[in-house]
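Undergrad: Dropping a structure here in structure tokens format, bear with me for questions.
The values are calculated or read from the model by the stated rules, or taken from the named source; none is laboratory data. Remember, it's a predicted structure, so these values are computed and weren't measured experimentally. Positions of Cβ are generated from backbone atoms using ideal geometry, with glycine treated the same way; all protein chains shown enter the neighbour counts.
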Amino acid sequence: METTSPEENAVLKALAALAQAQRLRTFRALVVAGPAGLTPGAIAEQLDVAPSALSFHLKELTHAGLVSSEARGRNLIYRASFGQMNALLAYLSEHCCQGEACEVADSASCAAC
């Protein structure tokens, strides 16, 4: 039986976390917010989601390593883990176009490989 590597396990955990619409929206909102991050209240308001549901989604994203949190006074600030996001993208595109450089911004170039 084939076993998965630790890297594959991390990728699977991240993809599973993102494979739910509200978590994907939450992660994208944090990516857009950049290093400043967002409070759960700001995320809930921006995405029009109940705070209790958001808490569950943030926990799943944090468990997958895609999001980190920091206490700032009485608030938590959530941020996208850009290093983890970049590692996931690098893993997924590692052998893109049979090892040749391709333009990610131009999806037609990869499709033509």
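Undergrad: For the range 1-58, which residues satisfy the criterion of being among the hydroxyl-bearing types (S, T, Y), in a loop (DSSP other than H, G, I, E, B) and either within 27 Å of A90 (Cα to Cα) or in contact with a helix residue (DSSP H, G or I) (Cβ under 8 Å, 6 or more places away or on another chain) (or both)?
TA: Residues of the range 1-58 among the hydroxyl-bearing types (S, T, Y): 3-5, 26, 39, 52, 55.
Checking the rest, the ones that are also in a loop (DSSP other than H, G, I, E, B) come to 3-5, 39.
Across the range 1-58, the qualifying residues are T3, T4, S5.
Undergrad: Would you check which residues across the range 1-54 are acidic (D, E) and in contact with a His (Cβ under 9 Å, 6 or more places away or on another chain) and list them? Break it down stepwise before answering.
TA: First, the residues of the range 1-54 that are acidic (D, E): 2, 7-8, 45, 48.
Selection gives nothing.
Undergrad: Report yes if some residue within the range 92-104 is part of a helix (DSSP H, G or I), at pLDDT 95 or above and out of contact with any strand residue (DSSP E or B) (no Cβ under 7 Å at 6 or more places or on another chain); otherwise report no. Talk me through it step by step, then tell me what you get.
TA: If we filter the range 92-104 for residues that are part of a helix (DSSP H, G or I), which is where we start, we get 92-93, 96-99.
Cutting the leftovers down to at pLDDT 95 or above gives us none.
Among the residues of the range 92-104, not one is part of a helix (DSSP H, G or I), at pLDDT 95 or above and out of contact with any strand residue (DSSP E or B) (no Cβ under 7 Å at 6 or more places or on another chain), which makes the answer no.
Undergrad: May I ask you to list the residues in the range 62-81 that are more than 16 Å from R23 (Cα to Cα) and not charged (D, E, K, R)? If you could, list the steps in order and put the result at the bottom.
TA: Going through the range 62-81, the residues more than 16 Å from R23 (Cα to Cα) turn out to be 70-77.
The answer is A71, G73, N75, L76, I77.
Undergrad: Given (1) at pLDDT below 95; (2) among the aliphatic types (A, V, I, L, M); (3) loosely packed, with under 12 Cβ neighbours inside 10 Å, where does A87 come up short, assuming only one miss?
TA: It is condition (3) that A87 fails.
Undergrad: Can you tell me which of (1) over 26 Å from P6 (Cβ atoms); (2) surrounded by 13 or more Cβ atoms within 10 Å (Cβ to Cβ) is the one A71 doesn't meet?
TA: Only one criterion is unmet by A71, namely (2).
Undergrad: Out of the residues in the range 1-42 that are touching a Lys or Arg at 6+ places or on another chain (Cβ under 9 Å) and surrounded by 13 or more Cβ atoms within 10 Å (Cβ to Cβ), which is nearest to A64 (Cα to Cα)? If you could, list the steps in order and put the result at the bottom.
TA: So in the range 1-42, the residues touching a Lys or Arg at 6+ places or on another chain (Cβ under 9 Å) come out as 17, 30, 33-39.
Keeping just the survivors that are surrounded by 13 or more Cβ atoms within 10 Å (Cβ to Cβ) gives 17, 30, 33, 37-39.
On the way: A17: 6, L30: 15, A33: 19, G37: 17, L38: 18, T39: 19 Å.
Across the range 1-42, the extreme among qualifying residues is A17.
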